[in-house]
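Below is one structure, written out as structure tokens; comments come after it.
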Amino acid sequence: MNTPTTSLGKRIAAVCAAIFLPLMLAACGINDIPTKEEAAKGRWGDVQSAYQRRADLVPNLVETVKGYAAQERTVLNEVISARARATSMNITGTPTPAQLQQYQAAQGQLSMALGRLLVVAESYPDLKSSQNFLTLQSQLEGTENRINVARQDYNKAVQDYNTSLRTIPSSWWKFMYPESKPMAVFEAAAGAQTAPQVDFGAPNPGAPATTPGSPPPAQPAPAPAPAQ
């Protein structure tokens, strides 16, 4: 027979369990996997947003260059085609390793095409001094920096999430999240340690475009002084 004291004790125990059990489970890492997975997804969204911002700048940049150098059709068409390839990849959720590799390759091609476009601009003084071109160039440079930061933040979030899938105590709860799989990270291109960067220096007109992350091309030796 339950006494009032016994019933009160049971109620207190039930209340304590309702309060402290979730805290104990949280302390054991039960929420680590979904929390870190959502954080990585958010950083992936930042990466896509940064790349989209660059893609949005390309049409205006192409039109500005065309206004001064319409004859550079090969380079202009190359940029347009590279942009189309880069923006055609619609990745839902987070990318698989294969999808991320394709995405990175497409964005790298656009980076190189933009680099060649800016090299062409060096041959047209009027274009180089155009305020519209200078503004777009500055915006593009800032966007490349945003892309670099966004990729680094994404890699850090993914590494944190992937680690939670393999380490105790969070790994004890993987059975509760069977859909949660390790995510892929951005890898530097061969010879590069940073995200693709557009070269905003002033290479000689007609000089070959540099591959993002590669050292600048060697400058030609100065011509000998004429004999006195």
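The values are calculated or read from the model by the stated rules, or taken from the named source; none is laboratory data. Keep in mind that this is a model prediction, so the values were computed, not measured. Cβ placement follows ideal geometry from the backbone for every residue including glycine, while neighbour counts extend to all protein chains displayed.
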*Taking only pairs six or more apart or across chains, which ones have beta-carbon atoms under 9 Å, a first residue in region 161-179 that is β-branched (Val, Ile, Thr), and a second residue that is modelled with pLDDT under 80 and part of a loop (DSSP other than H, G, I, E, B)?*
167/29; 168/29
*For residue 116, which of the numbered conditions (1) touching a Lys or Arg at 6+ places or on another chain (Cβ under 9 Å); (2) of a type outside the set (Gly, Ala, Ser); (3) at pLDDT 95 or above; (4) over 17 Å from residue 56 (Cα atoms) fails to hold?*
(1)
*What are the pairs, 6+ residues apart or on separate chains, where a residue within region 105-117 that is over 14 Å from residue 48 (Cα atoms) has its Cβ under 6 Å from a residue that is of a type in the set (A, V, I, L, M, F, W, C) and assigned to a helix (DSSP H, G or I)?*
109/82; 110/82; 110/86; 113/79; 113/82; 116/75; 117/75; 117/79
*From the set of residues in region 180-191 that are within 30 Å of residue 109 (Cα to Cα) and touching a residue at least 24 places away in the same chain (Cβ under 8 Å), which is surrounded by the most Cβ atoms within 10 Å (Cβ to Cβ)?*
183
_Quick check on residue 91: is it modelled with pLDDT under 95 and either surrounded by fewer than 16 Cβ atoms within 10 Å (Cβ to Cβ) or assigned to a helix (DSSP H, G or I) (or both)?_
yes
*Taking region 118-156 as the search range and keeping residues that are charged (D, E, K, R) and under 26 Å from the mean Cα position of the chain (by Cα), which one is surrounded by the most Cβ atoms within 10 Å (Cβ to Cβ)?*
151
